[in-house]
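Trainee: Sending over a structure as structure tokens; questions will come in a sec.
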Amino acid sequence: MNKTVFAALWIVLVVIGSGFAGTIWFLRFAAKQENAYLDVMEYEKTPLLYVPVIREGRVTGYVYMQLVFTVDAAVLHAMRVEPGAYVANSAFRSIYDDETLDFANIKKTDLGTLANHVRDEVNARFGSKIVHDVLIEQFGYRSPDEVAS
């Protein structure tokens, strides 16, 4: 009788212990898989950009923005040129050259289009997919009166 009770207790402890160990192992493995994307990517920031908005021959205001972009870490360290300058240049030119943007009534879709355009333009310039994502950290518009004061 005692042997049967001890054998049953032993089986219960082994089942509980193996279930616990398997759960711990699975959670650690899943956490590594979730962070795998973040481990190979680096986040870079552009400096705060001020873009003059010129309409009808005069400055009507200034757009200020700061972008964050992701780059493959191995590619970034192998590059001789910092992609941040190209991201900032592309964003500046996109806003400066686009006369259809109405900053008094800007739409949410304009920002997504801007981010995708900057990413695609920089990647086309390098000839490969260097920049994976472009995120807008700061974005705003100031009239000339606000800047002067």
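The values are calculated or read from the model by the stated rules, or taken from the named source; none is laboratory data. Keep in mind it's a predicted model, so treat the numbers as computed, not measured. Cβ placement follows ideal geometry from the backbone for every residue including glycine, while neighbour counts extend to all protein chains displayed.
Trainee: Give me a count of the residues in the range 110-147 that are part of a strand (DSSP E or B) and acidic (Asp, Glu). Before the answer, list the steps.
Mentor: Residues of the range 110-147 that are part of a strand (DSSP E or B), as a first pass: 131-142.
After this cut, where a residue has to be acidic (Asp, Glu) as well, the list is 133, 137.
Residues flagged as part of a strand (DSSP E or B) and acidic (Asp, Glu) within the range 110-147 amount to 2.
Trainee: Scanning for something farther than 20 Å from VAL40 by Cβ, of a type in the set (Phe, Trp, Tyr) and touching a residue at least 40 places away in the same chain (Cβ under 8 Å), does the range 67-81 turn up at least one residue?
Mentor: No, there is no match, as no residue in the range 67-81 is farther than 20 Å from VAL40 by Cβ, of a type in the set (Phe, Trp, Tyr) and touching a residue at least 40 places away in the same chain (Cβ under 8 Å).
Trainee: If you go through the range 16-36, how many residues are at pLDDT 75 or above and not aliphatic (A, V, I, L, M)?
Mentor: The qualifying residues number 9.
Trainee: Within the range 53-75, can one find any residue that is over 18 Å from GLN138 (Cβ atoms), more than 17 Å from the chain's Cα centre (by Cα) and acidic (Asp, Glu)?
Mentor: Within the range 53-75 (the criterion being over 18 Å from GLN138 (Cβ atoms), more than 17 Å from the chain's Cα centre (by Cα) and acidic (Asp, Glu)), the answer is yes, since at least one residue qualifies.
Trainee: Now for a different question. Report yes if some residue within the range 70-80 is within 30 Å of PRO144 (Cβ to Cβ) and modelled with pLDDT of 85 or more; otherwise report no. Lay out the reasoning, then the answer.
Mentor: Within the range 70-80, the first condition is being within 30 Å of PRO144 (Cβ to Cβ), and the residues that meet it are none.
Within the range 70-80, not a single residue is within 30 Å of PRO144 (Cβ to Cβ) and modelled with pLDDT of 85 or more.
Listed here are the residues, each with its yes/no results for (1) loosely packed, with under 14 Cβ neighbours inside 10 Å; (2) at positive phi; (3) at pLDDT 85 or above.
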residue	(1), (2), (3)
VAL87	no, no, yes
THR100	yes, no, no
ALA124	yes, no, yes
SER128	yes, no, yes
VAL131	no, no, yes
ALA148	yes, no, no
